[in-house]
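Trainee: First, the structure itself, so that you have it in front of you.
The values are calculated or read from the model by the stated rules, or taken from the named source; none is laboratory data. Everything quoted here is computed from the prediction, not taken from an experiment. Cβ atoms come from the backbone with ideal geometry, glycine included; neighbour counts cover every protein chain shown.
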Amino acid sequence: MKLSRKSDYALRALVTLTMRQREGGPPTPVRELAKINDIPRRFLEMIMLELKAAGWVTSVAGRIGGFHLAVPPEQLTMGQVVRLFDGTLAPLPCVSMTHYEVCSQESHCRFRRVLLDIRNYTARRMDQATLRAVVDSLPVAREEVFAAGFHGGDGI
């Protein structure tokens, strides 16, 4: 699974809004969200409109306006956000519930089982990862990405 830029940027913005909400700060302007998260402002404006249409953020107009979370961060998950922008968490359509496509190899495909397991694990994990839990976790250290057990895994 690979996240689209829209999902990535939406998650960045939502995590920032969650952190700001925790601090009790004023609404966060889109230009500030864009700068903090290294997102092109115009692209972020479109994303924020989609998040607003989903009911996950609200906006305050005016000079001191900006965005706030509209839902408690314990009630919004990474899975919901990714599904909004990417549509599916499944690595292939033949193991997707919402974007299922028949495959001529289904009756005897052996690796499909692995991909179904990956879909199930990914969906469970992302649906458990609320914005609150994400904000409360530690950032990933570079050493974790390049852990010894995964060397030689081209494409990881």
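Trainee: Has the stretch 94-103 got at least one residue that is hydroxyl-bearing (Ser, Thr, Tyr), surrounded by 12 or more Cβ atoms within 10 Å (Cβ to Cβ), out of contact with any strand residue (DSSP E or B) (no Cβ under 6 Å at 6 or more places or on another chain) and not assigned by TED's automatic domain parsing to the domain that holds LEU51?
Mentor: yes
Trainee: Name the residues in the stretch 23-39 that are surrounded by 14 or more Cβ atoms within 10 Å (Cβ to Cβ) and small (Gly, Ala, Ser), would you?
Mentor: Answer for the stretch 23-39, where residues must be surrounded by 14 or more Cβ atoms within 10 Å (Cβ to Cβ) and small (Gly, Ala, Ser): just ALA34.
Trainee: State all residues of the stretch 97-141 that are closer than 27 Å to LEU11 by Cα, of a type in the set (Ser, Thr, Tyr) and not in a helix (DSSP H, G or I); if no residue qualifies, say none.
Mentor: Within the stretch 97-141, THR98, TYR100, THR130, SER137 meet the criteria.
Trainee: Determine whether the stretch 75-85 contains at least one residue that is closer than 30 Å to ALA34 by Cα, surrounded by fewer than 16 Cβ atoms within 10 Å (Cβ to Cβ) and not aromatic (Phe, Trp, Tyr). Show your work before the answer.
Mentor: Initial filter on the stretch 75-85 (closer than 30 Å to ALA34 by Cα): 75-85.
Subset that is surrounded by fewer than 16 Cβ atoms within 10 Å (Cβ to Cβ): 75.
Narrowing further to those that are not aromatic (Phe, Trp, Tyr): 75.
Checking the stretch 75-85: at least one residue is closer than 30 Å to ALA34 by Cα, surrounded by fewer than 16 Cβ atoms within 10 Å (Cβ to Cβ) and not aromatic (Phe, Trp, Tyr).
Trainee: Right, here's the next one. Of all residues in the stretch 9-44 being free of Cβ contacts under 8 Å to residues at least 24 places away in the same chain and either in the same structural domain as ARG83 (by TED's automatic domain parsing) or among the small types (Gly, Ala, Ser) (or both), which is nearest to MET78 (Cα to Cα)?
Mentor: ALA34
Trainee: Considering only residues that are farther than 28 Å from ARG124 by Cβ and touching a Gly at 6+ places or on another chain (Cβ under 7 Å), which ones fall in the stretch 39-81?
Mentor: Matches in the stretch 39-81: SER59, VAL60.
Trainee: Taking the stretch 82-109 only, how many residues are of a type in the set (A, V, I, L, M) and farther than 23 Å from ARG124 by Cβ?
Mentor: Selection size over the stretch 82-109: 1.
Trainee: Being in a loop (DSSP other than H, G, I, E, B), within 17 Å of the chain's Cα centre (by Cα) and surrounded by fewer than 21 Cβ atoms within 10 Å (Cβ to Cβ) is the filter here, so list the residues in the stretch 40-69 that pass it.
Mentor: ALA54, GLY55
Trainee: Further question: Give me the residue from the stretch 128-145 that is surrounded by 11 or more Cβ atoms within 10 Å (Cβ to Cβ) and among the polar types (S, T, N, Q) and, out of that set, farthest from the chain's Cα centre (by Cα).
Mentor: Step by step, filter the stretch 128-145, then rank; the result is GLN128.
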